[in-house]
Amino acid sequence: MKILVVEDEHKIANAIKKGLEQEAFLVDLAFTGTEGYDYASTEDYDGIILDLMLPEMDGLEICKSLRKQNIHTPILILTAKSELEDKVKGLNTGADDYLAKPFAFEELLARLKAILRRPHNLMDEHLTADDLMLDSQNFNVTRGETRISLSKKEFSLLEYLLRNKEKTLTKEQIVSHVWSFDSDVLPNTVEQYVGYLRCKIDKPFPEKKQLIQTIRGFGYSLRE
């Protein structure tokens with residue numbers, strides 16, 4: 001899953017990024033409100049961690065503007081302000097949860113996962129297609145009784161394909177969701193990683209349905 005962290009304190013932002021990446025999240029960072037708003041309104045994220053006090057454009061304004069555009073990405077607000085009034089303002093502008101600084105990373109992670117699991121976000125932890133199963137909580141992938149070892153990028157790609165099962169995804173959509181905004185992605189990178197996945201979840205099981213399909217001229221689809 002892809003998360004945007006908007007936080008002007010570089011040390012905190014980088015610590016959150018490092019922690020989330022260890023949990024197999026893909027993370028983009030923005031250090032100003034304007035930059036964060038631009039990312040959030042043009043890129044596809046599963047969740048946003050948003051500081052309240054930001055240069056150029058504050059977190060409340062970002063949250064309010066995104067909701068006005070019908071962008072309903074789950075938002076967890078971070079702020080040094082812990083007063084009830086500030087909490088209420090944040091939630092009333094469309095935020096999904098609120099965490100006051102200082103905080104433990106374990107609590108931030110738990111709150112983030114909680115808002116991603118809410119029914120309207122459809123963020124199931126266990127994703128399946130035929131006898132393929134991905135457990136996003138424990139980073140396990142199995143096909144039948146066979147456990148499959150994936151790199152972080154392969155895991156992220158498979159998770160995105162499974163969350164959009166039966167849909168045709170263009171290379172541009174896959175790059176936007178599986179690679180960070182500033183990644184140097186070559187034209188054949190998606191093709192290369194789809195090939196890696198096929199070698200692990202399809203080719204070793206020739207007697208079973210081949211799940212990853214190439215839709216010529218359009219992109220890829222994972223189909224049962």
Qualifying positions in the range 29-46 - modelled with pLDDT under 95 and not in a helix (DSSP H, G or I): Glu43, Asp44, Tyr45, Asp46
Restricting the search to the range 49-91, which residues are of a type outside the set (Lys, Arg), surrounded by fewer than 19 Cβ atoms within 10 Å (Cβ to Cβ) and at pLDDT below 80? Ala80, Ser82, Glu83, Leu84, Glu85, Asp86, Val88, Leu91
Kindly list the number of the only condition in (1) under 28 Å from Leu50 (Cβ atoms); (2) part of a strand (DSSP E or B); (3) modelled with pLDDT of 95 or more that fails for Tyr98. (3)
When Ala24 is evaluated against the numbered criteria (1) out of contact with any Lys or Arg (no Cβ under 8 Å at 6 or more places or on another chain); (2) on the phi > 0 side of the Ramachandran plot, which criterion, by number, is the only one it fails? (1)
If we keep just the residues of the range 1-26 that are more than 15 Å from Phe103 (Cβ to Cβ) and in contact with a Gly (Cβ under 9 Å, 6 or more places away or on another chain), which is surrounded by the fewest Cβ atoms within 10 Å (Cβ to Cβ)? Asp8
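The values are calculated or read from the model by the stated rules, or taken from the named source; none is laboratory data. Just so we're clear, the structure is a prediction, and the values are computed from it rather than from any experiment. No Cβ is skipped: glycine too gets one built from the backbone with ideal geometry, and neighbour counts run over all protein chains shown.
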